[in-house]
Structure formats: structure tokens, C-alpha cells
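Please treat every number below as a calculation from the coordinates, not as lab data. Since we're looking at a predicted model, the values are computed, not measured. Neighbour counts run over all protein chains shown; Cβ positions are idealised from the backbone, glycine included.
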């Protein structure tokens, strides 16, 4: 699809989800990446990942794990994300026509893919979406760190009615990259999602008759099984009623892109909002799922 590009997407969650002070933001990300680099990683290089998109105090750990283990410079990044504020029908994609994406750490240029799968251009969806803005922070940090530009494409999606539809989206992205000469070695696929939203705040309270430690253990087991089903390709393409994963469709497409690219996946890190800020009767779970060779 050809599009007429327009304005720069502003960062609207600064001073709400993260600091707008460049030195503070850069230091917060840098310190976390340094910590996560001390972790062992089974892959020599990361080409795709699932990462969280909550406020930076919650998502920094998961997102930094991805960039801590990316060794080569990135020249192209695809952000697959949900839409929290506007409804997207099943089997649909929404893109935008921004020329660039602004962050306090610098702008990232838009490098649109001409994919064959039909999708809608609507800047309103992308402009207000924190699931897009939060990954942009770490990409902007990576751009500064490597000293070379990163082109970004953003696609929003919800879920799919059939494996054929999901496969068609992944294949169209894969083929568009080949036509544009974008090599896997310079690419980073990112699926932006938080995993489980548990508690009265989210109207989701399975295992509520159990003590908190047992609730957390059961939710962790359920999350691990769900993540593994994406990795091995057995996850349903339509989000099950019991799932509160916000980026279900994004994870669906990422897992298919990974298989098309010959990548293997591994749950690298898992934690909850209670691990960051204890207390409260509701919590969210986060994961870093890394894909490499």
C-alpha cells in the first residue's frame, strides 16, 4: 500500500509513563540494560522479541533484557502492537503515515513496508497508543548507542479468525522486507504486550479463593504454558475468552515471522508488577520472550 507521509508522531506519555528529562530517561534505561547484560542468554543474537509496554518503572526490566542481548546494530525495527483505545476488528491491520516517531532520546524515522495484505492507515490509532510509544524509547536509546539510524514500521492488530489469515499477514510482511532488501541480520521484530491482567481492577480473578502466593504460582504456570504455545505454534489465533493478554494478535504475528525466519524462541524473563511495586489486590505480569538462532 502506498501512503502519503505526514507529520512526526509526538510522544504523549512523557512525564506520565516515563521522565521527559533526557539525562534521567537515558540513565534509567542504561542502568537497566547494564544489569540485564549480566544475565545469561542462550542465543548469540536476538532478531525478535516480546516485550512489555507498561510505564517504564514496570516495563524497563523486560524491554532492557531484549536490548541487552542484541549485539549487532539494528537498521529496521517492526513494532507489532495492540490498540487499547480504538477497536480493531479481527483480521485487520492498522498502520500510519507519520514521517518519524519522536522520543526524548531522538526521533526514529518511519520506514514503511509495502505489504500485500490489506490494511488501514489511521494516525489516530498510533498517536495515542502507549504500546507503540514505550518500545520506541528503547529503540531510540539503541539508535544513540549504536550511532546509526533505525527505521521503524508500526502495525496494530487484535486477533485473527483463522491460521490462514495470520499466516497471510506474516508472509506478506516477510515478502515486503525481501522486496525492500531488508536483511534479517539488521532487523528486530518486536511484539508489544503485557501478559496477564489479574484482579478486580481487570475483572479477572481466577484462583481468588487461594492465598496470594498460590494465585501467583498458578498465573505464572498458565502464562508459561501460553507463551510456550506461541513459541511452538499451537496457540489459537483468536484470543481465548479467559486470556487478558492485550497484544495477543501481535504475539501471533511475531511467532509466525519467527518461524518464517528460522528463529527459535525462549522465555527469558518473567515478573509481575508486584515484584516492582508490592501491594494492591491486582497485578499485571510481564515477559521477555527472545527469538534467535
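Sorted fewest first by neighbouring Cβ atoms within 10 angstrom, 264, 274 come out as 264, 274.
Given Cα positions, please report Rg to Rh for segment 141-289, the hydrodynamic radius being the Kirkwood one. Computed over Cα atoms, the ratio is 1.02. Does segment 105-205 come out rounded, prolate or oblate, given a ≥ b ≥ c as the square roots of the eigenvalues of its C-alpha gyration tensor, rounded meaning a/c under 1.5 and, failing that, prolate meaning a/b above b/c? Taking the square roots of the gyration eigenvalues as a ≥ b ≥ c, segment 105-205 is oblate.
Listed by Cβ neighbour count within 10 Å, with the fewest neighbours leading, 246, 41 appear as 41, 246. Derived from the Cα gyration tensor, the three semi-axes of the equivalent ellipsoid of segment 8-292 are 26, 23, 19 Å, largest first.
Ranked by how many other Cβ atoms sit within 10 Å of their own Cβ, fewest first, the residues 214, 133, 28 fall in the order 214, 28, 133. Using a ≥ b ≥ c from the Cα gyration tensor of segment 182-245 (square roots of the eigenvalues), is it rounded, prolate or oblate, where a/c under 1.5 gives rounded and otherwise the larger of a/b and b/c decides, a/b for prolate? Since a/c reaches 1.5 and a/b is larger than b/c, the shape of segment 182-245 is classed as prolate.
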